[in-house]
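What follows is a single structure, written as structure tokens, with notes after it.
Every number here is computed from the coordinates shown, using simple stated rules; none is lab data. From a predicted model like this one, the values you see are computed outputs, not experimental measurements.
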Amino acid sequence: EHTWGKLIICEVLRRAGISVGSTTIGKIISELRAKGKITSGHAGKWAKSRRRFTGWATRQYRRPQVSAPGYVQMDHMKVLVDSKAFIVFAARDVFSNQACVMSASDATAATACRFLDKVLTDFAFPLENIQVDGGSEFRGVFEQRCRRDGLALSVIPPRSPRHNSKIENLMGTLRREVFNFRNDIDISV
């Protein structure tokens, strides 16, 4: 009825004086889903994601096992220079760790498409899959572009940076080793 997860249910029951572990509640929820008593359409992290992709992108629940180049993670971050904001797009191959970075004035799907053009020309291997975090800059025109080029597009659940560990590591390195040495750049945004 409330589309609560196991941790919230566990806390509500604890406050009501019932001591049940979250693992037990998770098992009960799984059994109810298997029996069709509740639907999974309203449960989990995906329920919090309001904007939807149009159909080409697939949801990715686990980190993939990659054995060859071609699986690329993409993300962006906002940086201030002299009180003016700009966006840094970055892509990193999971297998080879090859990276590509581009700055832009805004984070739109059209800008993400321009960045994809740069990635396609800079990387020494063909792309097979692009993994994104579900931001609006990777929807719409970007998703249509991936469909047109035959590139698989995987979307990780909201608030799961561990699934995007390679690109998050690159973003942290850029913050520490590039932007921290410039006095005119504010990386606190």
Normalised convex hull volume, segment 57-135, alpha-carbon set, Å³ per residue: 100 Å³
Under 5 Å between amide hydrogens, which residues at least 5 positions from GLY5 or on another chain qualify, with H placed 1.01 Å from N in the peptide plane? none
All Cα pairs of segment 95-140, percent lying beyond 12 Å: 67 percent
Just list whichever of LYS37/LYS166; LYS6/LYS78; LYS27/LYS78; LYS78/LYS166; LYS84/LYS166 have alpha carbons separated by over 30 Å in the model shown. LYS37/LYS166; LYS6/LYS78; LYS27/LYS78
Report, in cubic angstrom per residue, the convex hull volume of the C-alpha atoms of segment 125-164. 71 Å³
Would you mind checking which residues have amide H under 5 Å from SER96's amide H? H placed 1.01 Å from N; only 5 or more apart, or other chain. GLY70
